[in-house]
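> One structure coming up, written as structure tokens, with questions to follow.
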Amino acid sequence: MFNAITHSQIYVLDQDKALDFYVGTLGLEVGADIDMGFMRWLTVHVPGHPDRQILLERPGPPAMSEETAQQVRELVTKGATGGSLIFSTDDCRKTYETLLARGVEFTEEPTDRPYGIDCGLRDPFGNSIRFTQPKS
């Protein structure tokens, strides 16, 4: 049976803007950026961990009709597609301060939880992102 999750997918409205945010602001690395003709296969990953990729997919053909893609784009803008990423970090508060200085707008400041310290933000398209410093 299965032995790993290699790719997860979230919808983004502009892949160049997504690349700037996920690589330029959050510090992820490009895994693949391939023009497949019918779509752009764009993935990013945590530095040093290419075994787990995030596909930054623009809603549209061939995966869905243009009419459905428009509906999905509207839902993405509202943050209602359920797209969510959770990262781990060794120092939640330091990561928060670094990203705050880079202009990231947070939905929740670092907060102590039973499982560690975490906080939340949204990407430029409305997808939820959290990062957690697990309890040691």
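The values are calculated or read from the model by the stated rules, or taken from the named source; none is laboratory data. Quantities reported herein were computed from a predicted structural model and do not represent experimental measurements. Glycine gets a Cβ as well: all are built from the backbone with ideal geometry, and neighbour counts include every protein chain shown.
> Being surrounded by 17 or more Cβ atoms within 10 Å (Cβ to Cβ), more than 16 Å from Leu26 (Cα to Cα) and modelled with pLDDT under 95 is the filter here; which residues of region 105-136 pass it?
Listed by number, the list is empty, since nothing qualifies.
> I'd like the full set of residues that are within 22 Å of Val72 (Cβ to Cβ) and in contact (Cβ under 8 Å) with a residue 60 or more places away in the chain, limited to region 16-43.
Scanning region 16-43 gives Lys17, Ala18, Phe21, Tyr22.
> Same structure again: Filter region 80-94 down to the residues that are touching a helix residue (DSSP H, G or I) at 6+ places or on another chain (Cβ under 9 Å) and within 15 Å of Pro47 (Cβ to Cβ) and list them by number.
Phe87, Thr89
> Is it the case that Glu29 is within 25 Å of Glu105 (Cβ to Cβ), modelled with pLDDT of 95 or more, charged (D, E, K, R) and in contact with a Leu (Cβ under 9 Å, 6 or more places away or on another chain)?
No: the conditions fail for Glu29.
> For the list (1) free of Cβ contacts under 8 Å to residues at least 60 places away in the same chain; (2) under 18 Å from Ser128 (Cβ atoms); (3) under 13 Å from the mean Cα position of the chain (by Cα), I need the number of the one condition that Leu13 fails.
Checking Leu13 against (1) free of Cβ contacts under 8 Å to residues at least 60 places away in the same chain; (2) under 18 Å from Ser128 (Cβ atoms); (3) under 13 Å from the mean Cα position of the chain (by Cα), the one that fails is (1).
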